[in-house]
Amino acid sequence: MTDQDNLRIEKLSELLNGKLINTNNRNIVIKDILIDSRKLICPDNCVFFALSSTYNDGHKYINELYEKGVKCFVISKFHAQLNELNNASFIIVNDTIKALQTLGKQHRRKFNFPIIGITGSNGKTIVKEWLFQLLHYDYNIVRSPKSYNSQIGVPLSVWQITKKNNLGIFEAGISEPNEMDSLQEIINPDIGIFTNIGEAHGENFINKIQKAKEKLKLFASVKTLIFSSNYPDISQIITESETFKSIDLFSWGKENSDNLIITDIITYNGSSLICASYNDELINLRIPFVDDASIENAIHCWAYLLILNYPQMTIQKRFLNLTSIAMRMELKEGINGCSLINDSYNSDVRSLNIALDFMNQQNHHKEKTLIISDILQSGKDNLELYQEVSRIVNSKGVTKLIGIGNSIGKYAELFSKNKVFYTSTKEFLEHHPINSFHNETILLKGARTFEFEQITKTLQQKSHETVLEINMDSIINNLNIYRNRVKSSTMIMAMVKAFSYGSGSFEIANLLQYHNIDYLAVAYVDEGVELRKAGIRTPIMVMNPEINSFGTMIIHRLEPEIYSFRTLSMLEIAIENSNISENTPVKIHLKIDTGMHRLGFVNNEIQELIARIKYNKSIQIQSIFSHLAASDDPQLDSFSNQQIESFSKLSKEIRDAFPYSISRHILNSAGITRFPKAQFEMVRLGIGLYGIAPEKNMEGILEQVGTLKTSISQIKDISINESVGYGRAHVLNENKKIAIIPIGYADGISRKLGNGKISFLINGKLAKTIGNICMDMLMLDVTGINAKEGDPVIIFGKENPIIKLANAQNTIPYEILTSISRRVKRIYFHE
């Protein structure tokens, strides 16, 4: 909620150069912008922008939002049915995204205090958040929430500016040429920070030079630009461009021509000392970080404080208090059947909103508990702050609130009835009955100073150090990549069988349901029942229904695959025993064998099949499908096309025999991209959803979803002629240093991979296995690698692709993913 003055619907229409239909709401002051129907907090003073994209269309949700009380809409498509919404006002524009950007640009023009614009390949969000930590003592700062730096995120960020602010910090990111022009007009920064240039989003640019030039457009009208000479591509463009001749350039690096000359960097005991020369004086800065990225980000911030002439003593004190920025929310298994969402490294109203939306994606538990600390450095008086917090919390389905801190408890009356407050984390841990948490989703949202990591340790389920991290953003990105490759009318069935290819069950299904997947598919009935009990309402197809399970499927509204007359007969018996009404028929999916010769009806059975189903009015065919045997192999395309042709013929024969609509699907992940003309009414998305390229053309496009990682339990120095592991399988011919890690064949690492057959990643270096793989652990040769006990080990992930592991075992990634033991803890995170 912002304090925009008197922006009424007629004025908004004028700003957007739109056509206003119906002015019944001319007195409503627009304060909130909504772009996602699922994230409505309060319909009053709200305008919904119906954004249209390749993946979705906001116009579909107008009626739903109208019923919830929203009365103002910005749209690009008007149809007669909208006239029935008598109390709604519509502003019709050509492009709703451009209209949103126009509103952001117009709002920005109202304010003339300093605005910092940040871009680069990496570090934008960290620099923004650290500048906030460093400067909030002296300024009332407005900044981008999380990493809202896109064509949509930037105008939403700028919309948060109010008259109370006197400094703005906004980041901008692009993935294609010409995108920065609109972001520059919206942010219009006075000060620019170019963090770096790298490979991120590089696929749409010719080279780094072109990408740097595009990003530099953000700084077309700045007064000061901060950058590092360590990136010659950036330096060359800036120093040679006429655009930047008239602005103050501030460079830092090792060059004598730099404004801030870095002379030395010394790291020890978890901190770094950065030595430099500035205005011919020697200065230094100590920061509580040692990694290269943090050092670079800190120097960018240091440069800005030097420009503002902050005393070096003040600078040093504030930098020592910098805290790490959590770039993701994690979903973990909690105690007593709970789900635990950890977002406890930052706390402000905007990130609270985002975290609560993430919590509401998880439908496994009816009860939702929020543990929240005082919100610090908000720039608002406490009454106004906690009124806004209570409005958000009370509208987001939170069933229990636990407040921690001296401030939030003073406003207890603002929150719903089920609430309790403590003055500190210590008091909470000492006095709250921890075992009272049962079968609920718990969101931890705390400022760093409250040390909520102590609560995390108490509430999370204990397990060994091996974890499979699942990037939920990557799953949705992969889903959208495939959505972009199918017609808007084509439905998508997502395969969540086999524990979602090892990635989890209801967690993945919840996420897909939240993002409007059309269908889910499981292998067995118990998988489907588990999803139904977890609150999944999306239609579910069961691909391998057990003969004695049809009654259970009927109870839980699961839709069986029928592939033989025997399965059809067993379904008919179950229907008779269940007294199914003809008004609520059981939906089924017919499997046709077109050449793979696994399951399915064949050509000469089709007529009998039609007759049997026509006879039983309690059965309705939902879809007909088949399976391509070699969709990923171009050399077998003639066979695949033969299958498609056969499927088309046989499915038509069935469809023509029934008066209702029946969907068809034959394409899997590889087929979606290789046989686009055979999409029919639905496609089945499996391994591609989880980031494994099913064929060459998708390599480098899909995002790796899972990262299997563990840590070093112990490091030993082993002498020549000594042996390692069971059976003395490896006898050393020289002195070695080995690391023991807690993962073995019981976790899914094949015994075949011992004795140097595969390498895992430690601190950026590959370490080979040594000795035989044990049940619960294995050994790595870390000779010459900078490794210590507790260091992370990447088994597979973005930097160590799973295909290497599969090739070493002479298998496919499917087998690797589905072999990961259930005892390996899954952690789900959202960037």
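The values are calculated or read from the model by the stated rules, or taken from the named source; none is laboratory data. Treat the numbers as computed from the prediction; the structure is a model and nothing was measured. Here Cβ is always computed from backbone atoms with ideal geometry, including for glycine, and neighbour counts include all displayed protein chains. Remember, those area values only see protein heavy atoms, side chains included, never the ligands or the DNA or RNA. Shrake-Rupley method; radii C 1.70, N 1.55, O 1.52, S 1.80 Å.
If you take the Cα centroid of the stretch 738-771 and the Cα centroid of the stretch 48-125, the two points sit 51 Å apart. With semi-axes defined as the square roots of five times the eigenvalues of the C-alpha gyration tensor, the equivalent ellipsoid of the chain measures 46, 38, 28 Å, largest first.
Rg and Dmax over the alpha-carbon atoms of the stretch 514-572 stand at 11.4, 37 Å.
The slack between Glu384 and Gln312, meaning 0.36 nm per residue of separation minus the straight C-alpha distance, is 22.4 nm. Based on the Stokes-Einstein relation at 4 °C and a viscosity of 1.567 mPa s, and on the Kirkwood radius from alpha carbon pairs, the stretch 379-491 is assigned a translational diffusion coefficient of 74 µm²/s.
Working note: 222 nm ellipticity from helices only, DSSP H runs with n ≥ 4, each -39,500 (n - 2.57), summed and divided by the residues of the chain, gives -8500 deg cm²/dmol to the nearest 500.
Find the relative contact order for the chain and round it to a whole percent, using C-alpha pairs within less than 8 Å whose residues are 6+ positions apart. Write out the running numbers ahead of the final one.
Details: 1669 pairs, mean separation 65.7, N = 831.
Reported as a whole number, the value is 8 percent.
Positive end of the dipole of the stretch 165-248 (Cβ unit charges, origin at the Cα centre): among Ser228, Phe170, Leu218, the Cα lying farthest that way belongs to Ser228.
Computed about its Cα centre, the charge dipole of the stretch 41-116 is approximately 460 debye, with only Lys, Arg, Asp and Glu carrying charge at their Cβ. In loop segments of the stretch 565-653 as defined by DSSP, the GluC sites (Glu not before Pro) with at most 10 further C-beta atoms inside 10 Å of their C-beta are Glu582. Counting 0.36 nm for each residue step from Lys110 to Lys213 and taking away their Cα separation leaves a gain of 34.2 nm. Evaluated with a Cβ-only charge set (Lys, Arg +1; Asp, Glu -1), the stretch 405-542 carries a dipole of roughly 420 debye about its Cα centre, given to the nearest 20. Using only side-chain charges placed at the Cβ, +1 for Lys and Arg and -1 for Asp and Glu, the dipole size of the chain relative to its Cα centre rounds to 1120 debye. Using the alpha-carbon centroid of each, what span in Å lies between the stretch 617-635 and the stretch 328-401? The stretch 617-635 and the stretch 328-401 have Cα centres spaced 43 Å from each other.
Of the GluC sites (Glu not before Pro) in the stretch 694-792, which ones lie in a loop per DSSP and count no more than 11 other C-beta atoms within 10 Å?
On the way: sites: Glu695, Glu699, Glu703, Glu722, Glu734, Glu789; in loops: Glu695, Glu699, Glu703, Glu722, Glu734, Glu789.
Within the stretch 694-792, the qualifying GluC sites (Glu not before Pro) (loop, at most 11 other Cβ atoms within 10 Å) are Glu734, Glu789.
Per residue, the chain exposes 43 Å² of solvent-accessible protein surface, assessed with a 1.4 angstrom probe and all protein chains in place.
Counting only chymotrypsin sites (Phe, Trp or Tyr not before Pro) that sit in a DSSP loop (anything but H, G, I, E, B) with at most 12 other Cβ atoms within 10 Å, what is the longest stretch of the chain containing none of them? Don't skip to the answer; put the middle values down first.
On the way: sites that count: Tyr137, Tyr660.
Longest run free of exposed loop sites: 138-659.
Applying 1/(1 + (r/R0)^6) with R0 = 41 Å to the Cβ-Cβ distance of Ser416 and Glu546 gives a FRET efficiency near 0.35. Starting from the Kirkwood radius over alpha-carbon pairs of the stretch 560-639, derive D by Stokes-Einstein at 37 °C in a medium of 0.692 mPa s and give it in µm² s⁻¹. Reported coefficient: 236 µm²/s.
With a 1.4 Å probe and every protein chain kept in, tell me what percent of the accessible surface of the chain is carbon plus sulfur.
Details: 16670 of 35880 Å².
Of all accessible area on the chain, carbon and sulfur atoms account for 46 percent.
Between Asn360, Phe319, Gly337, the Cα set farthest toward the positive side of the dipole of the stretch 316-391 (charges on each charged residue's Cβ, about the Cα centre) is that of Phe319. Computed from the Kirkwood radius of its Cα pairs, the Stokes-Einstein diffusion coefficient for the stretch 294-437 at 4 °C and 1.567 mPa s stands at 74 µm²/s. With a cut-off of 15 Å between beta carbons, the residues surrounding Glu240 carry a summed charge of 0, where Lys and Arg count +1 and Asp and Glu -1. In Å³ and rounded to a whole number, note down the convex hull volume per residue for the Cα atoms of the stretch 134-288. It is 149 Å³ per residue.
For the stretch 257-346, the relative contact order is 17 percent, taking Cα pairs closer than 8 Å that sit 6 or more residues apart in sequence and dividing their mean separation by the residue count.
A cut-off of 5 Å between modelled amide H atoms, ignoring neighbours fewer than 5 places along the same chain, links Asn196 with Ser121, Asn122. Which one, Asn56, Phe78, Ile92, is farthest towards the positive end of the dipole of the stretch 41-113 when Lys and Arg carry +1 and Asp and Glu -1 on their Cβ? Towards the positive end, the residue furthest out is Ile92. Listed cross-link partners Lys68/Lys445; Lys426/Lys457; Lys649/Lys677; Lys317/Lys445 are compared with a 21 Å cut-off, the Cα-Cα value being larger for Lys68/Lys445; Lys317/Lys445. According to the Kirkwood relation over distinct C-alpha pairs, the hydrodynamic radius of the stretch 22-161 is 16.7 Å. Fraction of C-alpha pairs exceeding 13 angstrom in the stretch 354-398: 60 percent, rounded to a whole number. Inter-label distance, Val731 to Ser564: 5.5 nm, where each label sits 7 Å from its Cα along the C-beta direction.
Scaled against the 2.2 N^0.38 Å expected of a compact globular protein of N residues, the Cα radius of gyration of the stretch 459-589 reads 1.20.
DSSP beta bridges confined to the chain are antiparallel in about 40 percent of cases.
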